[in-house]
Amino acid sequence: MNRFRRRLALCGATVLALVGPFLWPAGASAATHYAPGTKVSPSQSTQVMVAHRTSGHHGTFTRYQWNGTTWTTVGSTGAEFGVGGMKPASQRVEGDHSTPTGTFGFVYAFGEGNPGTAMTYRTVTSCSWWIEKPGQKDYNRWRESCSVSGSVAAASEHLISYVTNSIGQYRQAAVIDFNYAHPKSTGKGSGSGIFLHYEPNGRGTWGCVGLNSRAELTRTITWMNPASHPTIVITA
């Protein structure tokens, strides 16, 4: 999860808060600049996505862009969430098929080919795996290997299968920064393979955020820019 910093600058008799490239008068509440439905300010991110569960495993997804003075809506679609429900990130457990709630950054994007994003991008091959077996040194990591087999393969995701199947969930996707920096494989706060990807309306996920519109997903991946610190807020 991204950590954010704010600096305060003093200039003569005028006090201004310097927030990344943005300035506003001291005394103005940062809350007035939060992205809608979040507590994320432009000093933290200028590209904010809100994924909100409304009932069951269904919900909405909305993208907001900070234009220097206000937030504007730049995209939206329906969304799917975990069939195991929603849990705070600190309570989520490996294999419970719940979607972690909270505020997260992104690690990188991946799929069948870069659609034009500035994000770090990995192209899926027939040897691409996401390791989800506890105890593996690369748990909750991409493994590029054609020799994954046995219990490791059974517990993990063969990424190409989700690119080439009839649904194509991972033709474009992005890794949500949940349990990534220092991954826990067991107990509270654990879990692996939490992605932003395509999921048709009516199908739940195993903990990911699935967008009902493939076109909106591709637009989202293309729009994301690491310089803007793209952030997703997942709520229930």
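The values are calculated or read from the model by the stated rules, or taken from the named source; none is laboratory data. All figures in this text were calculated on a predicted structure; none of them were measured in a lab. Cβ placement follows ideal geometry from the backbone for every residue including glycine, while neighbour counts extend to all protein chains displayed. What goes into the accessible areas is simple: the full protein's heavy atoms, side chains included, and nothing from ligands, DNA or RNA. Shrake-Rupley method; radii C 1.70, N 1.55, O 1.52, S 1.80 Å.
Here is how the numbers come out for the structure above:
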| read-out | value |
| --- | --- |
| Student exercise, segment 23-126 dipole from Lys, Arg, Asp, Glu Cβ charges, in Debye to nearest 20 | 180 debye |
| Student exercise, the chain dipole from Lys, Arg, Asp, Glu Cβ charges, in Debye to nearest 20 | 520 debye |
| Residue-averaged [θ]222 nm for the chain, counting only DSSP H segments that reach four residues, each worth -39500 (n - 2.57) | -2000 deg cm²/dmol |
| Scattering profile of segment 103-236 at q = 0.09, 0.10, 0.14 Å⁻¹ [log10 I(q)/I(0), Debye over alpha-carbon scatterers] | -0.25, -0.31, -0.62 |
| Probe 1.4 Å, all protein chains present, accessible-area order of T186, T99, T235, largest first | T186, T235, T99 |
| Lysine pair count for the chain [Cα-Cα under 17 Å; pairs on different chains or 8 or more apart] | 5 |
| Inter-label distance, nm, simple model (7 Å from Cα along the C-beta direction), T73/H182 | 4.0 nm |
| Choice from G102, G191, G37 showing the highest fluctuation, given a GNM over the chain with Cα pairs closer than 10 Å | G37 |
| Whole-angstrom Cα spans of segment 49-96 along principal axes, big to small | 41, 22, 13 |
| Taking the chain and dividing mean pair separation by its residue count, relative contact order in percent (alpha carbons under 8 Å, at least six apart) | 24 percent |
| DSSP beta bridge pairing in the chain, given as percent antiparallel to the nearest 5 | 75 percent |
| Ratio of the Cα radius of gyration of the chain to 2.2 N^0.38 Å, where N counts its residues | 1.06 |
| Over segment 140-211, equivalent-ellipsoid semi-axes from the Cα gyration tensor in Å | 20, 18, 11 |
| Stretchable slack from T235 to S145, in nm (0.36 nm times residue separation minus alpha-carbon distance) | 28.9 nm |
| Full-extension gain in nm, T125 to H52, via 0.36 nm per residue minus C-alpha separation | 23.1 nm |
| DSSP beta bridge pairing in segment 85-198, given as percent antiparallel to the nearest 5 | 65 percent |
| Fully extended contour minus Cα-Cα distance, from A118 to Q91, at 0.36 nm per residue | 6.5 nm |
